[in-house]
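To start, the structure under review is shown below, and the notes come after it.
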Amino acid sequence: MKLLVTGGAGYIGSVVTARLLEAGHEVTVLDDCSTGHRDNVPDGARFVPGGLDIAAAVLDPSYDGVLHFAAKSLVAESVRRPDLYWRANVGGTLDLLDAMRRHGVRRLVFSSTAATYGEPARMPITEDTPPLPTNPYGASKLAVDRMLEAEARAYDLAPVSLRYFNVAGAYLRHGERHDPETHLIPNLLAVAAGERPAAQVFGTDYPTRDGTAVRDYLHVVDLADAHVRALDVATPGHHLVCNLGTGHGSTVLEVIAAVQRVTGREVPVEECPRRPGDPPVLVASWERAAQELGWKPVRDLDTMVADAWAFRQGLVVPDRAGSAPHRASSGAGGSRR
Ligand SMILES: NC(=O)c1ccc[n+]([C@@H]2O[C@H](COP(=O)([O-])OP(=O)(O)OC[C@H]3O[C@@H](n4cnc5c(N)ncnc54)[C@H](O)[C@@H]3O)[C@@H](O)[C@H]2O)c1
Ligand SMILES: O=c1ccn([C@@H]2O[C@H](COP(=O)(O)OP(=O)(O)O[C@H]3O[C@H](CO)[C@@H](O)[C@H](O)[C@H]3O)[C@@H](O)[C@H]2O)c(=O)[nH]1
């Protein structure tokens with residue numbers, strides 16, 4: 001297929017672009033490099049610098065589809081500057097959808113998020129869980145999901161919203177290079193590398209097995225492979241929504257233990273107050289993705305940490321598929337409220 005990847009100079013978009021190229025697709029990346037890096041765009045992809053407002057000039061009717069990663073995605077920033085999030089995530093996507101309609105491009109894979117669900121009490125989270133986002137980031141992504149639903153009906157768009165849980169790991173020369181870095185695993189690796197004095201643990205009084213928050217970490221290559229599959233099942237007039245996670249939750253302290261195990265380094269801990277807006281537990285049910293996409297995650301937490309560590313050391317990270325297949329029915333992995 002001939003594909004446009006928005007945000008392909010970012011962390012996840014660059015890994016997906018690499019996997020799309022490996023699968024034989026032709027890829028153009030559109031990215032304004034606001035949080036991404038030009039040198040992240042894999043060789044073999046065409047790069048167009050710019051924002052979503054120029055999508056109409058980049059697309060043409062020969063394109064088979066779009067994978068849309070370009071967005072602002074920091075929860076805390078979205079609380080401080082909600083206008084930025086509505087404009088970039090909702091307004092930007094409107095520009096993209098207008099461009100797709102104009103050129104008759106229907107297939108769309110969209111980066112949605114677990115943040116659309118808010119703080120549901122029941123785990124694991126299925127796609128039928130009522131979405132109640134608790135911050136403007138999640139709300140802006142939910143607004144796009146709703147736009148896609150309506151445009152599928154009205155204009156025969158073929159959209160797939162993939163709701164990612166916590167993405168981690170690296171592939172080839174692509175890993176997390178955010179500034180500031182807010183994500184847990186890269187921050188822990190900075191401590192292991194001696195670049196930060198201690199790991200900050202945000203909240204030790206959550207109602208979980210060790211008091212720290214539970215998240216469902218998914219390897220970025222497993223995530224990427226779901227996108228390659230989603231392109232094949234996108235259907236005009238139908239909006240498919242699928243969660244992507246492993247069904248297994250890890251606490252912050254368990255992730256710290258994994259980092260110590262994998263790196264062989266000490267990670268001193270500093271207990272800090274809860275980070276505002278952080279839910280206690282988020283764990284995905286990925287049964288729908290298994291059914292609809294024929295997908296399953298096959299890389300475990302230690303592989304995510306090892307690959308992120310290798311990336312940080314400047315190594316080319318190989319594909320380590322099959323480190324630990326996950327069962328679709330596995331439980332929440334954390335005690336519930
Ligand atoms: N990282 C996670 O755990 C996670 C979880 C759920 C959802 N997501 C979503 O996945 C997507 C990718 O996340 P990421 O972690 O790779 O982020 P990232 O910041 O590394 O990548 C986003 C890319 O989009 C580009 N971009 C941003 N706004 C743009 C615009 N208006 N026009 C053109 N380019 C623009 C940035 O320069 C960057 O290269 C985002 O939509 C994010 O909301 C990420
Ligand atoms: O230095 C740190 C960083 C994080 N955490 C905690 O670790 C967990 C994971 O945090 P982080 O890696 O920042 O991810 P989330 O805040 O869970 O958000 C990610 O996962 C969401 C879906 O679950 C997506 O919507 C977001 O885009 C994505 O950034 C949370 O409980 C944090 O409080 C710490 O204790 N110390």
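Which residue, of 263, 303, is in contact with a strand residue (DSSP E or B) (Cβ under 8 Å, 6 or more places away or on another chain) and either modelled with pLDDT of 95 or more or of a type in the set (S, T, N, Q) (or both)?
Testing whether each residue is in contact with a strand residue (DSSP E or B) (Cβ under 8 Å, 6 or more places away or on another chain) and either modelled with pLDDT of 95 or more or of a type in the set (S, T, N, Q) (or both) leaves just 303.
Restricting attention to region 254-277, which residues are open to solvent by 20 Å² or more (accessible area, probe 1.4 Å) and under 22 Å from the mean Cα position of the chain (by Cα)?
Within region 254-277, 254, 275, 276, 277 qualify.
Being within 28 Å of residue 318 (Cα to Cα) and surrounded by fewer than 17 Cβ atoms within 10 Å (Cβ to Cβ) is the requirement here; does residue 232 meet it?
Spelling it out, residue 232 is indeed within 28 Å of residue 318 (Cα to Cα) and surrounded by fewer than 17 Cβ atoms within 10 Å (Cβ to Cβ).
Any idea which residue in region 99-118 is farthest from residue 278 (Cα to Cα), counting only those that are in contact with a Lys or Arg (Cβ under 9 Å, 6 or more places away or on another chain) and either more than 11 Å from ligand 1 (Cβ to nearest atom) or acidic (Asp, Glu) (or both)?
The selected residue is 100.
Scan region 159-179 and report the pairs whose first residue is free of Cβ contacts under 8 Å to residues at least 60 places away in the same chain and whose second residue is more than 10 Å from ligand 1 (Cβ to nearest atom) and outside any loop (DSSP other than H, G, I, E, B), with Cβ atoms within less than 7 Å and a gap of 6+ or a chain change.
Going by the 7 Å Cβ cut-off, there are no qualifying pairs.
Return yes when residue 67 is open to solvent by 10 Å² or more (accessible area, probe 1.4 Å), more than 15 Å from ligand 2 (Cβ to nearest atom) and of a type in the set (A, V, I, L, M) and no when it is not.
no
Can you tell me which residue within region 250-279, out of those that are within 16 Å of ligand 1 (Cβ to nearest atom) and among the aliphatic types (A, V, I, L, M), is farthest from residue 204 (Cα to Cα)?
Across region 250-279, the extreme among qualifying residues is 255.
Mind listing just one residue for me: the one in region 1-42 that is of a type in the set (A, V, I, L, M) and part of a loop (DSSP other than H, G, I, E, B) and, of those, nearest to residue 74 (Cα to Cα)?
9
For region 234-244, does any single residue satisfy the condition of being within 13 Å of ligand 2 (Cβ to nearest atom) and either out of contact with any helix residue (DSSP H, G or I) (no Cβ under 6 Å at 6 or more places or on another chain) or in a helix (DSSP H, G or I) (or both)?
Scanning region 234-244, I find at least one residue that is within 13 Å of ligand 2 (Cβ to nearest atom) and either out of contact with any helix residue (DSSP H, G or I) (no Cβ under 6 Å at 6 or more places or on another chain) or in a helix (DSSP H, G or I) (or both), so the answer is yes.
Run down 209, 215 and say which single residue is under 22 Å from the mean Cα position of the chain (by Cα), basic (Lys, Arg) and either within 16 Å of ligand 1 (Cβ to nearest atom) or farther than 22 Å from residue 175 by Cα (or both).
So the residue among 209, 215 that is under 22 Å from the mean Cα position of the chain (by Cα), basic (Lys, Arg) and either within 16 Å of ligand 1 (Cβ to nearest atom) or farther than 22 Å from residue 175 by Cα (or both) is 215.
Filter region 36-64 for residues that are hydrophobic (A, V, I, L, M, F, W, C) and touching a Ser or Thr at 6+ places or on another chain (Cβ under 7 Å); which is surrounded by the fewest Cβ atoms within 10 Å (Cβ to Cβ)?
48
Determine if region 12-33 includes at least one residue that is surrounded by fewer than 24 Cβ atoms within 10 Å (Cβ to Cβ) and either closer than 25 Å to residue 278 by Cβ or within 16 Å of ligand 2 (Cβ to nearest atom) (or both).
Checked region 12-33: at least one residue is surrounded by fewer than 24 Cβ atoms within 10 Å (Cβ to Cβ) and either closer than 25 Å to residue 278 by Cβ or within 16 Å of ligand 2 (Cβ to nearest atom) (or both).
Go through region 71-98 residue by residue and tally those that are closer than 22 Å to residue 182 by Cβ, within 11 Å of ligand 1 (Cβ to nearest atom) and either open to solvent by 30 Å² or more (accessible area, probe 1.4 Å) or over 19 Å from the mean Cα position of the chain (by Cα) (or both).
Residues in region 71-98 being closer than 22 Å to residue 182 by Cβ, within 11 Å of ligand 1 (Cβ to nearest atom) and either open to solvent by 30 Å² or more (accessible area, probe 1.4 Å) or over 19 Å from the mean Cα position of the chain (by Cα) (or both): 8 in total.
If I ask for residues that are within 16 Å of ligand 1 (Cβ to nearest atom) and not polar (S, T, N, Q), which ones from region 184-201 would you list?
184, 185, 186, 188, 189
Take region 138-154 and flag every residue that is within 14 Å of ligand 1 (Cβ to nearest atom) and either closer than 18 Å to residue 245 by Cβ or among the aliphatic types (A, V, I, L, M) (or both).
Passing the criteria: 138, 139, 141, 142, 143, 144, 145, 148.
Which residues, counting only those in region 48-69, are in contact (Cβ under 8 Å) with a residue 40 or more places away in the chain, out of contact with any strand residue (DSSP E or B) (no Cβ under 7 Å at 6 or more places or on another chain), within 9 Å of ligand 1 (Cβ to nearest atom) and of a type outside the set (D, E, K, R)?
Result: 51, single match.
The values are calculated or read from the model by the stated rules, or taken from the named source; none is laboratory data. Predicted, not measured: the structure shown is a model, and the values here were computed from it. FYI the Cβ positions are ideal-geometry reconstructions off the backbone, even for glycines, and counts take in every protein chain you see. Accessible surface areas use protein heavy atoms only, side chains included; no ligands, DNA or RNA. Shrake-Rupley method; radii C 1.70, N 1.55, O 1.52, S 1.80 Å.
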